[in-house]
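Please read the structure below before turning to the comments.
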Amino acid sequence: MAQLFRDRILGESKRESMRISTNGVAKSFSISDLPSPFGELENDLSDSELRETVYEIFVGCCRSSGGKPLTYIPQSEKNNHERSPSFSFNSSSSSSNFSSLSLQRSLTSTAASKVKKALGMRSNSNKKSPGKEISPTSKSKKPVTVGELMRVQMRVNEATDSRIRRGLLRIAAGQLGRRIDSMVLPLELLQQFKSTDFPDQQEYEAWQMRNLKVLEAGLLLHPIVPIEKSNSAAQRLRQIIRGASEKLIETGKNTESMQSLRSAVMPLASRSIDGFGSDACHWADGFPLNLRLYQMLLEALFDAYDETSIIEEIDEVLELIKKTWVILGMNQMLHNLCFTWVLFHRFVATGQTENDLLFAADNQLAEVAKDAKATKDPVYSKILSSTLSSILGWVEKRLLAYHDTFDRDNVDLMQSIVSLGVSAAKILVEDISHEYRRRRKEEVDVARNRIDTYIRSSVRTAFAQIMEQADSSRRSSRHQPNSLPVLAILAKSVGELACKEKEVYSPIFKRWHPLAAGVAVATLHVCYGNELKQFIKGIQELTPDAVHVLRAADKLEKDLVQIAVEDSVDSDDGGKGIIREMPPYEAETAMADLVRGWLKTRVDMLKDWVDRNLQQEVWNPRANKDNFAPSVVEVLRMVDETLDAFFQLPIPMHPALLPDLMTGLDKCLLHYISKAKSGCGSRSAYIPTLPALTRCTIGSTFAWKKKEKLQASKNRKSQVGTMNGENSLGISQLCVRMNTLQHIRVELEVLEKRVITHLRNAESAQPDDITNGIGKKFELSPAACVEAIQQLSEATAYKVVFHDLSHVLWEGLYVGEPSSARIEPVLKELEQNLELISETVHSRVRTRVITDIMRASFDGFLMVLLAGGPSRSFSKQDSQIIEDDFSSLKDLYWSNGDGLPDDLIDKCSKTARDILPLFQSETESLIERFRRMMLESYGPAAKARLPLPATSAQWNPNEPNTLLRVLCYRNDDAASKFLKKTYNLPKKL
């Protein structure tokens with residue numbers, strides 16, 4: 001019991017350090033975080049001195065004059081017996097009457113508290129009340145009274161309590177019928193006691209100085225009525241108190257010092273507030289003294305054994321406490337406000353662990369809100385503003401960084417703190433702020449705006465903290481392999497914070513802000529976006545760190561947007577406002593740009609490499625067993641490696657960027673194909689220019705010249721920079737080029753299948769990405785290979801026939817007498833070339849090349865017959881020789897059924913087969929046929945004089961130029977006469 005009477009500051013064991021568990025770590029908050037809204041007294045009155053003073057006021061207001069103790073009246077009897085607002089010092093008979101109405105009963109039998117119920121607090125009737133403890137000095141157990149309960153609650157020892165009651169008895173005896181509010185209690189008590197009434201001089205000195213300081217505080221420092229500087233009573237009182245600090249005044253009845261003190265005190269205490277006379281004394285009702293004293297009374301409502309619990313007898317004690325209002329100048333509004341502060345202050349002072357206290361303070365604040373709307377009293381508004389500002393200031397220190405203060409284990413406490421803070425803010429803004437009153441209230445949502453501020457502030461603070469942690473984590477792991485960059489670590493932490501926000505905090509804020517989660521993730525989105533923007537500005541090329549960061553940012557953005565969308569599904573605008581606060585990171589775009597840069601670099605490198613390798617390529621058929629160029633192997637290997645490297649990039653947009661890569665690789669291969677075929681000529685390059693239609697004398701010179709393009713190509717090295725010059729156009733080299741192009745065709749099909757396989761394994765590929773062939777194939781190279789092979793095949797064929805066999809074809813076949821210059825030499829060399837080509841060229845290209853050679857040889861055969869120059873002439877009898885030679889030429893390609901198919905040979909030989917019968921025809925028949933064709937071609941104008949038909953390389957038995965050339969090479973008089981007469985051509989060949 002003795003520990004209850006130690007003169008200590010309320011809850012000082014817990015005030016020094018208060019703890020709230022956050023993230024498993026205890027955080028300390030000093031009580032200095034919560035300044036008193038009532039201000040500080042200007043003298044050094046301690047809490048214990050204030051407590052003893054207000055206890056004197058309490059006992060004085062509630063004590064009966066008959067010496068009976070204050071008794072506990074049950075709730076049931078209160079309804080039958082109305083109490084007066086304050087006890088006066090009346091006759092003993094009236095006091096005895098009052099005492100007879102009081103029942104002395106055990107505190108544990110108290111009815112359930114209506115006050116606690118109104119505050120929303122749990123009742124604990126089984127808990128031992130502090131009043132049950134009886135003083136060890138008591139000789140008998142007496143029923144516990146309200147007075148005894150308050151003595152214990154206010155930490156007043158029995159000796160002090162006895163002296164106070166004895167002093168009040170003496171005052172009552174000397175001033176019968178005088179109300180307690182018509183006297184200055186400290187003054188009256190000073191007059192009742194001397195130093196001999198105290199066990200030691202030190203206690204007496206402390207007691208006297210306390211009373212003098214109370215008088216100083218109530219009358220001089222904090223009077224309810226302002227004091228003029230010229231007030232003589234105030235000057236005298238200051239002198240007395242100042243002198244008492246050096247030498248104590250002599251207390252007791254009728255001493256000169258007491259008379260002097262009374263003469264200074266009473267004029268000051270008797271001044272009227274409203275200017276009208278009154279016998280009420282004002283010595284403890286000035287601000288902030290009265291509120292500080294009343295705060296001490298209300299703190300007695302907390303159990304002395306458990307500082308976080310309110311006593312079960314709160315209803316009865318509050319009724320008695322309210323009797324002090326007459327002295328303290330209190331009313332119901334000030335009581336509600338002060339009680340709110342006391343509940344909140346006790347929650348903070350006792351470690352912020354008892355949510356019931358916070359809940360009760362919030363409920364009591366609802367009463368304050370009603371009062372604030374009902375009055376415009378400037379004094380009350382000032383106190384209200386100060387109190388709410390102090391509460392709100394403390395609350396906002398926690399809520400503006402609520403991630404530091406609250407976690408899953410104490411989130412219930414957070415809800416009460418938020419509710420209290422919002423309530424305080426609404427009163428401050430809606431009921432006190434003049435600016436708010438000037439605006440339409442519907443334009444300002446105080447609660448929502450306040451919650452919005454809390455969320456954005458705390459989220460920014462939390463983001464800064466996790467960014468610091470991410471940087472620290474990066475530094476600690478920088479020497480480890482595959483360590484992640486800071487922003488990738490940060491993105492993961494931000495995502496976790498967003499999920500926690502959605503699960504833990506947003507459900508609480510949702511009560512006041514419908515888009516709480518959306519606001520949080522929008523703020524996180526902007527915070528991370530600012531860091532990402534700086535990172536992207538510094539990226540010069542695609543690196544693993546850049547990919548990690550951009551992928552993490554893209555995933556984070558999708559997660560944040562998803563939370564915002566889900567949170568705003570029921571909002572008026574569907575969440576558009578929140579989404580507008582989240583400008584896209586465009587991480588995929590940035591990543592795509594980096595990948596495109598990477599692709600361009602790789603493609604440019606490949607193209608340069610193609611050029612370097614082709615400059616060294618000699619198209620040697622013995623370079624490998626497959627007879628294609630070694631350079632193509634390296635080119636295709638690099639293409640394959642580039643594709644592999646692309647699909648190994650840890651990016652989510654392989655399908656989207658694959659077309660860019662395929663286009664780039666396609667162009668590189670197209671470049672190779674173009675270089676591989678360049679400088680090799682074409683079909684037309686090897687066909688000689690047709691001679692003019694003329695008949696020359698035997699022995700005249702006729703030169704077969706090739707087109708300038710071929711001559712130019714022979715006079716310079718190949719465009720691809722081959723090392724062996726003219727040899728690069730040899731038949732074997734041309735075959736190697738065709739093999740190389742065919743190899744590209746085959747490998748491109750393999751590469752395209754590999755691309756599809758890569759796509760199936762790509763994380764972001766959709767079924768449509770695989771089935772849709774666009775962008776997954778080489779669009780240009782396969783067709784270019786086919787075209788180049790065709791060009792090279794024709795060039796090879798016409799080179800063999802018109803260039804390599806010119807000595808046996810142009811210079812030998814049918815020169816002089818046809819019978820002595822047959823086709824066998826041509827067939828022999830042609831067969832050798834065919835064998836070489838068959839051995840060198842790829843099997844899938846071989847038929848095409850041989851077919852082109854066959855077509856070229858048929859063209860060459862007709863060229864000899866129709867444009868073979870003056871050294872050749874044919875009689876009608878030579879037609880059989882020509883037929884036989886042509887059959888031999890066809891048999892070469894048929895090769896007894898092992899060569900080309902019959903139908904292909906027939907198709908290619910059709911023109912020759914149609915023209916050869918002309919050599920069997922009679923000259924007159926040919927002339928008549930020629931005339932008819934000319935008339936058909938040129939009309940009636942051809943009857944007078946036949947024009948010279950245009951020279952054409954398109955031989956046709958129904959074409960005048962072809963017939964005319966047969967006549968020119970016909971060795972008979974009829975043909976010579978016709979040509980001489982019609983075109984003045986020589987009669988002799």
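Okay, residues lined up against (1) under 11 Å from the mean Cα position of the chain (by Cα); (2) more than 23 Å from Pro507 (Cα to Cα):
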residue	(1), (2)
Val526	yes, no
Gly529	yes, yes
Lys537	no, yes
Gln540	no, yes
Lys558	yes, no
Val565	no, no
Ser568	no, no
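Is it true that Gly574 is on the phi > 0 side of the Ramachandran plot, of a type outside the set (Lys, Arg), touching a helix residue (DSSP H, G or I) at 6+ places or on another chain (Cβ under 9 Å) and open to solvent by 10 Å² or more (accessible area, probe 1.4 Å)?
The answer is yes for Gly574.
For segment 515-628, give me every one of the helices (runs of 4 or more DSSP H) that falls completely inside it and has 1 or more residues that are within 23 Å of Arg456 (Cα to Cα) and hydrophobic (A, V, I, L, M, F, W, C).
516-537, 544-567, 576-580
Hey, Ser263 hits all of (1) out of contact with any Cys (no Cβ under 9 Å at 6 or more places or on another chain); (2) under 22 Å from Ser46 (Cβ atoms) but one; which does it fall short on?
Every condition holds for Ser263 apart from (2).
Within segment 830-858, restricting attention to residues that are under 23 Å from Asn624 (Cβ atoms) and either of a type in the set (Gly, Ala, Ser) or free of Cβ contacts under 8 Å to residues at least 12 places away in the same chain (or both), which residue is most open to solvent (accessible area, probe 1.4 Å)?
Checking each candidate, the answer is Glu839.
How do the helices (runs of 4 or more DSSP H) wholly within segment 895-952 filter down when requiring 2 or more residues that are surrounded by 14 or more Cβ atoms within 10 Å (Cβ to Cβ) and of a type outside the set (Ser, Thr, Tyr): which remain?
Details: elements: 902-915, 923-938, 941-944.
Where helices (runs of 4 or more DSSP H) fall fully within segment 895-952 and carry at least 2 residues being surrounded by 14 or more Cβ atoms within 10 Å (Cβ to Cβ) and of a type outside the set (Ser, Thr, Tyr), they are 902-915, 923-938.
Here are some conditions: (1) touching a residue at least 24 places away in the same chain (Cβ under 8 Å); (2) touching a Pro at 6+ places or on another chain (Cβ under 9 Å). Asn613 meets all but one. Which one does it not meet?
(1)
Based on what the data block shows, is Leu599 within 21 Å of Leu490 (Cα to Cα) and either β-branched (Val, Ile, Thr) or crowded, with 19+ Cβ neighbours inside 10 Å (or both)?
no
Have a look at Asp285, Asp306 and point out the one that is closer than 30 Å to Glu216 by Cβ and assigned to a loop (DSSP other than H, G, I, E, B).
Values: Asp306 fails: closer than 30 Å to Glu216 by Cβ.
Every option except Asp285 fails the conditions.
Only one of these is in contact with a helix residue (DSSP H, G or I) (Cβ under 7 Å, 6 or more places away or on another chain), open to solvent by less than 20 Å² (accessible area, probe 1.4 Å), under 21 Å from Ile466 (Cβ atoms) and among the aliphatic types (A, V, I, L, M): Ala522, Ala592, Ala552. Name it.
Checking each option against the conditions leaves just Ala522.
Can you give me the ranges of the helices (runs of 4 or more DSSP H) entirely in segment 345-429 with at least 1 residues that are under 21 Å from Ala516 (Cα atoms), under 36 Å from the mean Cα position of the chain (by Cα) and among the small types (Gly, Ala, Ser)?
Answer list for segment 345-429: 411-426.
Looking only at segment 751-775, count every residue that is open to solvent by less than 50 Å² (accessible area, probe 1.4 Å) and either at pLDDT below 70 or part of a helix (DSSP H, G or I) (or both) and tell me the total. Working first, answer last.
Going through segment 751-775, the residues open to solvent by less than 50 Å² (accessible area, probe 1.4 Å) turn out to be 751-752, 755-756, 758-759, 762, 764-765, 769-770, 773, 775.
Then drop every residue that is not either at pLDDT below 70 or part of a helix (DSSP H, G or I) (or both), which leaves 751-752, 755-756, 758-759, 764-765, 769-770, 773, 775.
Qualifying residue count for the region: 12.
Cβ-Cβ distance below 6 Å, separation of 6 or more or different chains: which pairs start in segment 223-245 with a residue that is of a type in the set (D, E, K, R) and end on one that is part of a helix (DSSP H, G or I) and at pLDDT 90 or above?
Sorted first by the residue in segment 223-245, then by its partner, the pairs are Arg236/Ala264.
Among the numbered criteria (1) over 51 Å from the mean Cα position of the chain (by Cα); (2) over 19 Å from Ser113 (Cα atoms); (3) aliphatic (A, V, I, L, M); (4) part of a helix (DSSP H, G or I), which one does Leu320 miss?
Here Leu320 meets the rest and fails (2).
Exactly one condition in (1) crowded, with 20+ Cβ neighbours inside 10 Å; (2) more than 18 Å from Ser36 (Cα to Cα); (3) at pLDDT below 95 is not met by Ile383; state its number.
(2)
Would you mind telling me which numbered condition in (1) surrounded by 13 or more Cβ atoms within 10 Å (Cβ to Cβ); (2) farther than 27 Å from Tyr686 by Cβ; (3) of a type in the set (S, T, N, Q) Asn958 fails?
Going through (1) surrounded by 13 or more Cβ atoms within 10 Å (Cβ to Cβ); (2) farther than 27 Å from Tyr686 by Cβ; (3) of a type in the set (S, T, N, Q) one by one, Asn958 breaks only (1).
Got a sec? Which of Leu556, Leu550, Leu515, Leu497 is in contact with a Ser or Thr (Cβ under 6 Å, 6 or more places away or on another chain) and at negative phi?
Only one candidate qualifies: Leu515.
Using the structure shown, decide if Asp274 is modelled with pLDDT of 90 or more, exposed (fewer than 12 other Cβ atoms within 10 Å of the Cβ) and more than 60 Å from the chain's Cα centre (by Cα).
Against the criterion (modelled with pLDDT of 90 or more, exposed (fewer than 12 other Cβ atoms within 10 Å of the Cβ) and more than 60 Å from the chain's Cα centre (by Cα)), Asp274 does not qualify.
Note down all Cβ pairs under 8 Å where the first residue falls in segment 748-764 and is touching a residue at least 60 places away in the same chain (Cβ under 8 Å), the second is small (Gly, Ala, Ser), and they're at least six residues apart or on different chains.
Partner pairs satisfying both residue conditions: Leu748/Ser781; Leu759/Ala765.
If you go through segment 632-646 one residue at a time, do you hit one that is part of a loop (DSSP other than H, G, I, E, B) and open to solvent by 50 Å² or more (accessible area, probe 1.4 Å)?
So far as segment 632-646 goes, no, none of its residues is part of a loop (DSSP other than H, G, I, E, B) and open to solvent by 50 Å² or more (accessible area, probe 1.4 Å).
State all residues of segment 925-945 that are closer than 14 Å to Leu979 by Cα and out of contact with any Phe, Trp or Tyr (no Cβ under 8 Å at 6 or more places or on another chain); if no residue qualifies, say none.
Hits for segment 925-945 are Leu926, Glu928, Phe930, Arg931, Arg945.
Regarding Glu216, is this residue closer than 18 Å to Cys61 by Cβ, among the charged types (D, E, K, R) and crowded, with 17+ Cβ neighbours inside 10 Å?
On the way: closer than 18 Å to Cys61 by Cβ: no; among the charged types (D, E, K, R): yes; crowded, with 17+ Cβ neighbours inside 10 Å: yes.
No: the conditions fail for Glu216.
Would segment 297-316 turn up any residue that is crowded, with 19+ Cβ neighbours inside 10 Å, modelled with pLDDT of 95 or more and aromatic (Phe, Trp, Tyr)?
No.
Hey, any hits in segment 792-807 for a residue that's touching a residue at least 12 places away in the same chain (Cβ under 8 Å), open to solvent by 60 Å² or more (accessible area, probe 1.4 Å) and not in a helix (DSSP H, G or I)?
no
What do you reckon, is Arg292 within 55 Å of the chain's Cα centre (by Cα), on the phi < 0 side of the Ramachandran plot and modelled with pLDDT of 90 or more?
Answer is yes for this residue.
Which residues, counting only those in segment 188-213, are in a helix (DSSP H, G or I), open to solvent by 20 Å² or more (accessible area, probe 1.4 Å) and under 12 Å from Ile249 (Cβ atoms)?
Gln191, Ser195, Glu205, Met209
The values are calculated or read from the model by the stated rules, or taken from the named source; none is laboratory data. Predicted model, so just to flag it, every value in this text is computed and none were measured. Methodologically, a virtual Cβ is constructed for each residue, glycine included, from the backbone with ideal geometry; neighbour enumeration extends over all protein chains shown. Protein only, heavy atoms only, side chains kept; ligands, DNA and RNA dropped before computing areas. Shrake-Rupley method; radii C 1.70, N 1.55, O 1.52, S 1.80 Å.
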